[in-house]
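Here is the structure we will look at, set down as structure tokens.
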Amino acid sequence: MTDRDIEAVYEAIATQIDKVGPANAELYLAKLALLLANEIGDHRRALKCVTDASASLTEDTAPGTADAGSHHRNPSTAGEQK
Amino acid sequence: MRPEGRSETDSLYFKYPHFTAPEKAVRDAGTQARVAIVGAGPVGMTAALALAKEGIPSIIFDNKSTFNDGSRAICVARPSYYILESLGIAAPFIEKALGWTTGRSFFRGRQILEFHMPDSEDEKFRPMYNLQQQFIEAFLWQAVAASDLIETRWQSSVEGIEDSESGVRLTIKDPEGDYTVEAEWVLACDGARSGIRSKRGLRLQGENFEGRYVIADVQMDHDYPTIRRALFDPACRPGGTVLIHRQPDNIWRIDYQLEDHETTEDAIRESTVRDSVQAVLDEIGHKGRWELEWWSVYSANTLALDDYRDGRVFFVGDSAHIVPIFGVRGLNNGLADAANIGWKLGWVLNGKAGEALLDSYSPERRGATLDVFANASKSARFMTPNSHGWRLMRDAALSLALDHPFAGALANPRQMTAYTYSDSPAVMPGTGQFDTGPTIGAVFQETAVDGGFLSEKLGSGFTVLCFGDDLAGQLGASFSDADDITIVALPCPSPVAETYGAEPGSSYLIRPDGHVAGRWKSADAATVVDAYRAVTFQKGARQ
């Protein structure tokens, strides 16, 4: 997947989140996660993504206040996140 | 509970019998019991019938004067039908119960899934039957009352239990007063609040879950097939789950979880139950009249004794374990416990097996309970998630299920299947060198054969399935008359041989409870006979 490809996915997800609205966004993302996991077809990789996605979501970097792009994420500590 | 003005046994469709206490002369004459069974519920009666099948007499004690009130456990699973059939009493159950294979799940009012439990032309019984518990008890009672080997003493409570030189001494209290009974063995089938358990100083270990549920039975003319409906996040109970089951005699079971803010005290009030039921019936489009029959409240627990045996006392059914309702494993596992200890104690007492066979009861049945805990806990978290995360993912799976079968599989309830007794002392070690077929410790695989079913060829004791004719002849000459063994020759190649992964000369040894005790790809008669002696713990057998 090229940078351009992942950008297209990024944009599509953003568009869909707005389209389903705040009331359904969480459910939408949960469905999306299950669908993508099923598409990967590899439960170990899917489980690693499940863990990795929780990185940088600690209490002092609440979603929406931190600029996730400016943080350097160290994958080796991802599993230690609460 | 029942509506105001009706007693606990005042049912719309079932006439509860009244049982009198034993006459003083009768009980004074009977102060010795080979086996004393405490509790005349489904488990106690099944254990008594299993013992009677082996020629062993028993006395059942129950402090009530009639059956348990209300419909309680209503789902009888396929493995239980084999138990009933082995006792020769399946006919009334087959006639009365409603067999079913299909479930439908609804998410926010929309049907999102229809599942079918495994069933085929090779199965004699349906995967599940709905039947109210009082019918289950009534049908068992017909057989118990007809047996010369079973004496039932109603209105007789066990007030004391102590070990004695010859066994166990029970102090019984009935309307005439107290007396003692000397029993060689005791089966405690006295339910979740077992008095025997507390008198022996034993405690259930495990978890109490938070969830509370109301079950309500209503009688109504309602046009829907025998299909279990599960309503997830319905308008009538937002965020909750409702289950609807059809039962015989126009009775419908409505089962719903209570929310945290609903107190148990308020939830079981008649007016609250009526309002909750009406909301569910509105949701499923029932416009006609309905009568409230009975209701109850329960919570989900996973609790079990560490050991189901305490000296000469065995704990059987709910006295040994309390399991969550999801997956219909309470009654069905209780019947499996009763059948398991029934044949084993029967075989030991009539001399067909060594006493060490009894040591296999607790590991086999406790293993089954722990397996139930694992499966039922998963089911409970799906049916009634108790946190935001579990609810969100459950809802995601339900919302995907309509178009994506993989997500539907997450919603498919784990069905009750017979537990595999691998590592039990009462089966041979290993799994046998087969590519397919039931493994050692698993229950035999039913198969259509000769216009009937394989189960109909099994004997009442052990059975050897012999594929090809040669082995059957040799085995017939190798067993003695004292052995309770039935030799069944099966053609090979054939569909049944294929199911069992068998070649000419292959053999399966099946226990009286239908579990595989051993199997050999290429068997010789001496090996099979040795295995029979080993798993029945006969003197001189190689262990």
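Nothing in this text is a laboratory measurement; each read-out follows from the coordinates by a stated rule. Just so it is clear, the model here is predicted, and its values are computed rather than measured. Note that we place each Cβ from the backbone using ideal geometry, even for glycine, and neighbour counts take in every protein chain shown.
At an R0 of 25 angstrom, the distance between the Cβ atoms of B:GLU262 and B:ASP221 translates into a FRET efficiency of 0.25.
What Kirkwood radius, in Å to one decimal, follows from the Cα pairs of region B:139-213? Working shown, then result.
Values: mean 1/r = 0.0668 Å⁻¹.
After inverting the mean inverse Cα-Cα distance, the result is 15.0 Å.
In percent, how large is the relative contact order of region B:240-310, given Cα pairs closer than 8 Å and 6 or more residues apart?
On the way: 35 pairs, mean separation 14.4, N = 71.
This gives 20 percent for region B:240-310.
When each of B:MET45, B:MET383 is scored by the number of other beta-carbon atoms lying within 10 Å, the sequence from fewest to most is B:MET383, B:MET45. Using the Cβ-Cβ distance between B:GLU4 and B:ALA29 with R0 = 35 Å, the FRET efficiency computed as 1/(1 + (r/R0)^6) comes to roughly 0.20.
So if each residue of separation counts as 0.36 nm, and I subtract the Cα-Cα distance between B:ALA448 and B:THR102, what length gain in nm does that give? Walk me through the intermediate numbers first.
On the way: separation 346, 0.36 × 346 = 124.56 nm, distance 2.21 nm.
Length gained, B:ALA448 through B:THR102: 122.3 nm.
Please give me, ordered by residue number, the trypsin sites (Lys or Arg not before Pro) of region B:451-543 that lie in loop per DSSP and have at most 16 other Cβ atoms within 10 Å.
Values: sites: B:LYS457, B:ARG519, B:LYS521, B:ARG533, B:LYS539, B:ARG542; in loops: B:LYS521, B:LYS539, B:ARG542.
Answer in residue order: B:LYS521, B:LYS539, B:ARG542.
Remark on chain B: Rg and Dmax equal 24.2, 71 Å (Cα only). What residues from region B:516-537 fall in the zone where the backbone N is under 20 Å from a label point 7 Å along the Cα-to-C-beta line of B:GLU503? The answer is B:518-528, whose backbone nitrogens lie closer than 20 Å to the label point.
Which of the trypsin sites (Lys or Arg not before Pro) across region B:162-227 are loop residues per DSSP, with 11 or fewer other Cβ within 10 Å?
Details: sites: B:ARG169, B:LYS173, B:ARG193, B:ARG197, B:LYS199, B:ARG200, B:ARG203, B:ARG212; in loops: B:ARG193, B:ARG200, B:ARG203.
Within region B:162-227, the qualifying trypsin sites (Lys or Arg not before Pro) (loop, at most 11 other Cβ atoms within 10 Å) are B:ARG193, B:ARG203.
Listing A:ILE40, B:ILE56, B:ILE284 from the residue with the fewest other Cβ atoms within 10 Å to the one with the most, what is the order? It would help to have the intermediate numbers written out before the result.
Details: A:ILE40 12, B:ILE56 22, B:ILE284 18.
The fewest-first ordering by Cβ neighbours comes to A:ILE40, B:ILE284, B:ILE56.
Put simply, the amide H of B:PHE61, placed in the peptide plane, has neighbours under 5 Å in B:ILE37, B:VAL38, B:GLY39, B:ARG153, leaving out anything fewer than 5 places away on its chain. Taking amide H positions as modeled 1.01 Å from N, with prolines and chain starts lacking one, the residues under 5 Å from B:THR180 and 5 or more places away or on another chain are B:ILE172.
In a fully extended conformation the segment linking B:GLU95 and B:ASN350 would gain 88.4 nm over its present Cα-Cα distance, using 0.36 nm per residue. Checking the Cα-Cα distances for B:LYS344/B:LYS539; B:LYS64/B:LYS344; B:LYS53/B:LYS124; B:LYS15/B:LYS96; B:LYS124/B:LYS457 against a 20 Å cut-off, the pairs over it are B:LYS64/B:LYS344; B:LYS53/B:LYS124.
Per DSSP H run of n ≥ 4, the term is -39500 (n - 2.57); total these for the protein assembly as shown, divide by its residue number, and report the mean residue ellipticity at 222 nm rounded to 500 deg cm²/dmol. Provide the component values of the computation, followed by the final result.
Details: 18 runs with 208 residues, N = 625.
Computed mean residue ellipticity for the protein assembly as shown: -10000 deg cm²/dmol.
Here the 3J(HN,Hα) profile of region B:284-292, calculated from phi with Karplus coefficients 6.51, -1.76 and 1.60 at θ = phi - 60°, is 8, x, 7, 9, x, 6, 8, 10, 7 Hz, Gly and Pro shown as x.
Which order results if B:LEU12, B:LEU113 are arranged by neighbouring Cβ count within 10 Å, fewest first? Spell out each step's value before the answer.
Values: B:LEU12 17, B:LEU113 22.
Starting with the residue having the fewest Cβ neighbours, the order is B:LEU12, B:LEU113.
Bridgeable lysines around A:LYS48 (alpha carbons under 26 Å apart, same-chain partners fewer than 8 residues away excluded): A:LYS31, A:LYS82, B:LYS378.
Note on region A:16-49 and region B:481-543: Cα centroid distance 51 Å, given to the nearest whole angstrom. Once you reduce region B:1-21 and region B:169-216 to the center of their Cα atoms, the two points are 23 Å from each other.
Region B:102-201: which GluC sites (Glu not before Pro) are DSSP loop and have at most 13 other beta-carbon atoms within 10 angstrom? Numbers along the way, then the final one.
Numbers: sites: B:GLU114, B:GLU121, B:GLU123, B:GLU137, B:GLU151, B:GLU159, B:GLU162, B:GLU165, B:GLU176, B:GLU182, B:GLU184; in loops: B:GLU121, B:GLU123, B:GLU165, B:GLU176.
When the GluC sites (Glu not before Pro) of region B:102-201 are filtered for loop state and at most 13 Cβ neighbours within 10 Å, B:GLU121, B:GLU165 remain.
Let me check against my output: what whole-number percent is the relative contact order of region B:448-535, with C-alpha pairs under 8 Å and at least 6 apart? For region B:448-535, the relative contact order is 30 percent. The A:ALA53 and B:ASN386 beta-carbon pair, evaluated with R₀ = 22 Å, returns a calculated FRET efficiency of approximately 0.40.
Working from label points 7 Å from Cα in the Cα-to-Cβ sense, the A:ASP42 to B:SER480 distance is 6.3 nm. Between B:ASP423 and B:THR272, the modelled labels are 4.4 nm apart [label points 7 Å from Cα along Cα→Cβ]. Which whole-number percentage describes the relative contact order of chain B, with Cα contacts under 8 Å and a sequence gap of 6 or more? Value for chain B: 14 percent. Annotation for region B:378-449 versus region B:36-101: alpha-carbon center distance of 26 Å.
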